[in-house]
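Participant: Here it is, the structure in full.
The values are calculated or read from the model by the stated rules, or taken from the named source; none is laboratory data. Just so you know, these numbers come straight off a predicted model, no measurement behind them. In this analysis, Cβ positions are derived from the backbone assuming ideal geometry, glycine residues included, and neighbour counts consider all displayed protein chains. Protein only, heavy atoms only, side chains kept; ligands, DNA and RNA dropped before computing areas. Shrake-Rupley method; radii C 1.70, N 1.55, O 1.52, S 1.80 Å.
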Amino acid sequence: MNIGKKSRIAFSISISTAKKNKVLKDYLKLIEKNKKLILRENFKDIKNANKKKLKKNLVKRLYLNDKKILDITNSIKKIIKLKDPTNVILEKWKRPNGLNISKVSIPIGVIGVIYESRPNVTSDVASLCFKSGNPVILKGGSESFYSNFILSRLFRKSLKKNKIDENFVQFINIKKRTVVDILLTKMSKFIDVIIPRGGKNLVKKVQTLSTIPTIGHLEGVCHSYIDKDASHKFAEDIVYNAKLRNTAICGATETILIHKKIIKKIGLSILKKLEENGCKIIGDNKIRKFYNKKIKRASYKDWSKEYLAPIVSVKSVNNLDEAINHINKFGTMHTDCIITQNKKSAEKFLKKVKSSIAMHNTSTQFADGGEFGFGGEVGISTSSLSPRGPVGLNQLVSYKYEVTSNGKIRK
C-alpha cells in the first residue's frame, strides 16, 4: 500500500520535457559507467538460474553482455529523441453553442508492470513510463532479481540527482509471489493499469485475478502464409527468419500455411532448410505426403500451440480465404504475415485478418516496439480495444477534453 501511495504523490508532480530528457541522459551515463557492476549482478542471476535448472530459453532471455547493454543504452537514446507525448492538442474545434473544445493528451496514471526474465524490460519500461509522465511500479521475476534491482536503482539515482521524486520508479524487492496477488487485488486505489510481460501462466493469472484494467497478450500464435504468388527467395528468407531467428519471443512464427499449388515448388525446400537447421516439423496429411521425411502428423490442438522453441506446425490451404479463416480461428491476434507478389491478395489479407499486427512480405519477428520506432515497448496488446500491437511511448497516454467559453450556459 505504501508503494502505491508514494506513486500517487509522484504522479502529482509536473515535469518538463527538458527535465525528463535530462534524467534519461543521466540514466544512460550511469548505465555506461556501471557496466561492470551490472554484468556482475547479472552473473548472480545466471548462476542461480543454472543452479535451479531453469529452461535454456529462460536463461537465454536473462543473460546480459556488452552487446545487450549497448542495446539497452541505444533504446534509451531513441526514447530521448522521441517527442514528449503528453500535453499535446490532438484536436480542437469550435461549436455553434459557443464552446471551444480541445482534446489534449495526458498520462494514464500509475502503471504496474509484472514481468519475467528479461532485465532490459526494467530499463525500457522505466524510461518509457517516465517520459510519458507515468509513475511505474516494477515487479520483476525472482530469476532476474539482481539485474533488475541494479537497473532500477540507477534510474532512481538519476531522478535523485535531478531533484525529482525517486518514487516515479519503484522496484519491489520482495521475491515472494504473494506480492503479485496483493498488486492485483488490493491496489486498485493506487494503480491505474497493470501490464504483464512473461509466460502464459503469468499473463493468465494477471488477467484472471486483477481488479485493475490490464494491457497485454496471453499468447503469440503467429502465422506466416506462403501464397501461390510468393517469390521463392522472399518466402525462404522470411520464413526462416520468422521461425528461427529467435524462437523464444512472442513474435516468432508458430504455424506456416502453404498454398497447395506451391508446396512442391517452394514449400518443400523451405521445410528442408528449417529441418536442416534444427527445426522440428509437424505437418498435416498433405504436407506429410509431399515432404518425404518422417514428420509428426499435426493434430487439431497443434494449430493453437505457441511452441517458443524450434518446432513449427505446417498446414496446406486451398486458397487465400482459407488461410485468413485459419488465422482468425486459431491465431491470437498477435502478428500474422502473407508472403506474396500479388498486391490484391496482400491488401485483402491485411484488411481481413484480425491481428493487431498484419504484415506483407515481412518477418513476424519485427513485432517489436523498438523496430516500430517506439524506442522500446512495455508490452504488446492483442485486445480489440486500443492500445493494440506494441505499446510504446505514444500508447502510454490517455486524453481529456478542455472546454472553454465566454460565460455560456445551456438552455
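Participant: Run the 1.4 Å probe and let me know the accessible area of Lys200, rounded to the nearest 10 Å².
Facilitator: Surface accessible to solvent at Lys200 totals approximately 90 Å².
Participant: Okay, next question. Would you kindly state how much longer the chain becomes between Asn342 and Thr211 on full extension, computed as 0.36 nm times their sequence separation minus their alpha carbon distance, in nm to one decimal?
Facilitator: Working: separation 131, 0.36 × 131 = 47.16 nm, distance 4.65 nm.
Value of the extension gain: 42.5 nm.
Participant: Could you let me know the centre-to-centre spacing of the range 1-48 and the range 233-271, using Cα atoms, in angstrom?
Facilitator: 40 Å
Participant: Okay, moving on. Determine the per residue accessible area of the chain with all protein chains present and a 1.4 angstrom probe, expressed in square angstrom.
Facilitator: 50 Å²
Participant: While we're on this one: Using +1 at the Cβ of each Lys and Arg and -1 at the Cβ of each Asp and Glu in the chain, identify which of Val317, Leu58, Ile101 lies farthest towards the dipole's positive end.
Facilitator: Of the candidates, Leu58 comes out farthest on the positive side.
Participant: Here's another thing I want to ask about it. Using +1 at the Cβ of each Lys and Arg and -1 at the Cβ of each Asp and Glu in the chain, identify which of Ile174, Leu159, Thr335 lies farthest towards the dipole's positive end.
Facilitator: Farthest along the dipole direction, towards plus: Ile174.
Participant: Highest mean first, what order results for 91-102, 399-410 on Cβ atoms within 10 Å? Before the final figure, lay out the partial values.
Facilitator: Values: 91-102: 11.3, 399-410: 9.8.
In decreasing order of mean packing, 91-102, 399-410 become 91-102, 399-410.
Participant: Related question: Tell me, how many Å apart are the Cα centres for the range 59-95 and for the range 331-359?
Facilitator: Cα centroid of the range 59-95 versus Cα centroid of the range 331-359: 27 Å apart.
Participant: Enumerate the amide H contacts of Phe171 below 5 Å, restricted to partners 5 or more residues apart or on another chain; note that Pro and chain-start residues carry no placed amide H.
Facilitator: Leu138
Participant: How would you rank 370-376, 330-336, highest first, on the average number of other Cβ atoms within 10 Å across their residues? It would help to have the intermediate numbers written out before the result.
Facilitator: Details: 370-376: 18.9, 330-336: 25.4.
The densest-packed peptide leads the list: 330-336, 370-376.
Participant: For Lys293 and Met1 in one chain, what is 0.36 nm times their gap in residues minus the Cα-Cα distance, to one decimal in nm? Provide the component values of the computation, followed by the final result.
Facilitator: Details: separation 292, 0.36 × 292 = 105.12 nm, distance 5.88 nm.
Extra length available between Lys293 and Met1 comes to 99.2 nm.
Participant: Looking only at the range 119-162, which residues have a backbone nitrogen under 15 Å from a spot 7 Å from the Cα of Leu37 in the C-beta direction?
Facilitator: 146-161
Participant: Please list the non-local residues whose amide H lies under 5 Å from the amide H of Gly216, H modeled 1.01 Å from N, same-chain partners needing a gap of 5 or more.
Facilitator: When sequence neighbours closer than 5 places are left aside, the close amide H contacts are Thr382, Ser383.
Participant: Further, regarding this structure: Cα-Cα over 31 Å: which of Lys228/Lys293; Lys60/Lys343; Lys157/Lys205; Lys81/Lys139; Lys51/Lys301; Lys60/Lys286? Mind showing how you got there, number by number?
Facilitator: Numbers: Lys228/Lys293 23 Å; Lys60/Lys343 39 Å; Lys157/Lys205 33 Å; Lys81/Lys139 27 Å; Lys51/Lys301 34 Å; Lys60/Lys286 36 Å.
Pairs exceeding 31 Å: Lys60/Lys343; Lys157/Lys205; Lys51/Lys301; Lys60/Lys286.
Participant: Here's a follow-up. Could you check what % of the DSSP bridge pairs in the range 35-146 are antiparallel, to the nearest 5? Display every interim value, and only then the final one.
Facilitator: On the way: 5 of 9 bridges.
Percentage antiparallel, nearest 5: 55.
Participant: Return the aspartates and glutamates within reach of Lys411: Cα separation strictly under 17 angstrom, same-chain partners fewer than 8 residues apart disregarded; answer none if there are no such residues.
Facilitator: Answer for Lys411, where 17 Å is the Cα cut-off: none of the aspartates and glutamates qualify.
Participant: Any chance you could give the angle, 0 to 90 degrees and rounded to 10, that helix 343-352 forms with the longest Cα principal axis of the chain?
Facilitator: So the helix axis and the longest Cα principal axis differ by about 60 degrees.
Participant: Would you list which aspartates and glutamates come within 19 Å of Lys47, measuring only between C-alpha atoms, while excluding same-chain residues fewer than 8 positions from it?
Facilitator: Asp66, Glu116, Glu143
Participant: Which ³J(HN,Hα) values in Hz, rounded to whole numbers, follow from the phi angles of the range 95-106 under the Karplus curve 6.51 cos²θ - 1.76 cosθ + 1.60, where θ = phi - 60° and Gly and Pro get x?
Facilitator: Each residue of the range 95-106 in turn: 10, x, 7, x, 8, 10, 10, 10, 9, 10, 6, 9 Hz.
Participant: How large a share of the accessible area of the chain, in percent, is made up of carbon and sulfur atoms when the probe is 1.4 Å and the other protein chains stay in place?
Facilitator: 51 percent
Participant: How many nm is it between the label spots at Lys400 and Val104, if each spot is 7 Å from the Cα in line with the beta carbon?
Facilitator: So the two model labels end up 0.7 nm from each other.
Participant: Can you compute the label reach from Ser269? Point 7 Å from Cα along the Cβ direction, backbone N cut-off under 19 Å, restricted to the range 325-353.
Facilitator: Backbone N within reach: 339-342.
Participant: Something else: Among DSSP beta bridges lying fully in the chain, give the percent that are antiparallel, nearest 5.
Facilitator: Details: 16 of 53 bridges.
Among the beta bridges of the chain, antiparallel pairing accounts for roughly 30 percent.
Participant: Which entries of Lys351/Lys400; Lys261/Lys289; Lys92/Lys408 have Cα-Cα distances beyond 21 Å here?
Facilitator: Numbers: Lys351/Lys400 31 Å; Lys261/Lys289 14 Å; Lys92/Lys408 18 Å.
The answer is Lys351/Lys400.
Participant: Hey, quick one: spin label on Ser231, modelled 7 Å out along Cα-Cβ, who in the range 304-341 has an amide N within reach, i.e. under 19 Å?
Facilitator: Correct set: 337-341.
Participant: Let me ask something else. Hey, with R₀ at 25 Å, roughly what FRET efficiency would Asp181 and Lys55 work out to, going by the Cβ-Cβ distance, to 0.05? Walk me through the numbers before you get to the answer.
Facilitator: Details: r = 24 Å, r/R0 = 0.98.
E(calc), rounded to 0.05, equals 0.55.
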